[in-house]
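Undergrad: A single structure is presented below for examination.
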Amino acid sequence: MKLLQIDDRIKECNTCGCMVEKFENNTTVSVGNKSDIVILGEAPANNGWRKSGIAWYDENHKLLPSGVVLQKLLKIIDYTLDDIYFLEAVKCFPKDRKYLKECSINCRNYLLEQLQIINPQMILTLGDIATRSLLEIKYSKFADVVGQCFDYNGYDAIPIYHPSPISPLSYNGNVEIFEHVIKEKVKVLKK
């Protein structure tokens, strides 16, 4: 099944009912030039994808602050935002953060189908919700798993801090992970 067919099914989905708000740009994948890396986010940003239809950009097509941070991190491994696939764990816009966990469980099958089609070699999970939606591992604090490499159906899954500039770890907490863990994995990918 193609990604656009999954998008169509997601647009018709009502599993989360009153927990989410559908939006005009309710697409679920942002395609770049390479499919070896997928970045898995939490849910569509209210001021970004939801309004612009493009992950990491506002409705005026200006790169959002989180996108600026992520672009700087990707530069460490010689990638850009255009070089990757980007997926969200939660496919619609949650009306309240308290719904994220339940919505991510409801969207999990869509996510797994998308990953099967994209067939990446590496998945970077942004934050706790994205990590828990993909990996069935137990941990008490997100910091306990950040920067570690987990096998997920043959893919390398690496949790990283969300690149939101309101977090002190958005850039500084991820630099070492990109310089050492991810860069080494990318060298293997490019062989």
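The values are calculated or read from the model by the stated rules, or taken from the named source; none is laboratory data. Everything numeric in this text was worked out from a predicted model, so none of it was measured. Cβ sites come from the backbone with ideal geometry, for glycine too, and all protein chains shown count toward neighbours. Each accessible area value is taken on the protein alone, full model and side chains, heavy atoms only, with ligands, DNA and RNA left out. Shrake-Rupley method; radii C 1.70, N 1.55, O 1.52, S 1.80 Å.
Undergrad: Any idea which of A130, L74, L100 is furthest toward the positive side of the dipole for the range 32-134, if Lys and Arg beta-carbons carry +1 and Asp and Glu beta-carbons -1?
TA: L100
Undergrad: By DSSP, what percent of the beta bridges with both residues in the chain are antiparallel, rounded to the nearest 5?
TA: Rounded to the nearest five, the antiparallel share is 40 percent.
Undergrad: K95: which aspartates and glutamates have alpha carbons under 12 Å from its alpha carbon, excluding same-chain residues fewer than 8 sequence positions away?
TA: Counting by Cα, and skipping residues close in sequence, K95 has these aspartates and glutamates nearby: E21.
Undergrad: Hey, another quick one. How much length is gained on full extension from K62 to T80, taking 0.36 nm per residue of separation minus their Cα-Cα distance?
TA: 5.0 nm
Undergrad: Here is a further query. Run the numbers for L189 and Q148: contour at 0.36 nm per residue of separation, minus the present Cα-Cα distance, in nm.
TA: 13.0 nm
Undergrad: Where does each of D7, D82, D156 land when they are ordered by accessible area, with a 1.4 Å probe and the largest first?
TA: D82, D156, D7
Undergrad: A further question follows. Counting heavy atoms of the protein chains only and a 1.4 Å probe, report the per residue accessible area for the chain as a whole number of Å².
TA: It amounts to 51 Å² per residue over the chain.
Undergrad: Given the DSSP H assignment, sum -39500 (n - 2.57) over each helix run of at least 4 residues in the chain and divide by its residue total; what's the result at 222 nm in deg cm²/dmol, nearest 500?
TA: -9500 deg cm²/dmol
Undergrad: Take the solvent-accessible surface of the protein heavy atoms, probe 1.4 Å, and return the percent of it on the chain that carbon and sulfur atoms account for.
TA: Accessible surface attributable to carbon and sulfur in the chain totals 48 percent.
Undergrad: Within the range 93-180, which trypsin sites (Lys or Arg not before Pro) sit in a loop by DSSP and count at most 16 neighbouring Cβ atoms inside 10 Å?
TA: Here the sparse-neighbourhood loop sites are K95, K138, K141.
Undergrad: Another question, if that's okay. For the range 90-153, what does the alpha-carbon gyration tensor say about shape, rounded, prolate or oblate, given a ≥ b ≥ c as the root eigenvalues, a/c under 1.5 as rounded, and a/b over b/c as prolate?
TA: Judged from the Cα gyration tensor, the range 90-153 comes out oblate (a/c at least 1.5, b/c at or above a/b).
Undergrad: Identify which of the listed values of Cα extents along the principal axes in Å was calculated from the structure shown: (i) 48, 41, 30; (ii) 42, 36, 34; (iii) 67, 35, 22.
TA: Of the listed options (i) 48, 41, 30; (ii) 42, 36, 34; (iii) 67, 35, 22, (ii) comes from this structure.
Undergrad: Over 27 Å between C-alpha atoms is what I'm after, so list which of K22/K190; K91/K190; K72/K187; K91/K141 land there.
TA: In this structure, K22/K190; K91/K190 lie more than 27 Å apart at Cα.
Undergrad: Using a 10 angstrom Cβ neighbour count of at most 15 plus a DSSP loop assignment to flag exposed GluC sites (Glu not before Pro), which longest range of the chain is free of such sites?
TA: 60-135
Undergrad: With a/c under 1.5 counting as rounded, go ahead and sort the range 36-131 into rounded, prolate or oblate using the C-alpha gyration tensor (a ≥ b ≥ c being the square roots of the eigenvalues; past the cut-off, prolate if a/b is larger than b/c, else oblate).
TA: Taking the square roots of the gyration eigenvalues as a ≥ b ≥ c, the range 36-131 is oblate.
Undergrad: For E113 and E179, calculate 0.36 nm times their separation in residues minus their Cα-Cα distance, and state this gained length in nm to one decimal.
TA: Between E113 and E179, full extension yields an extra 20.7 nm.
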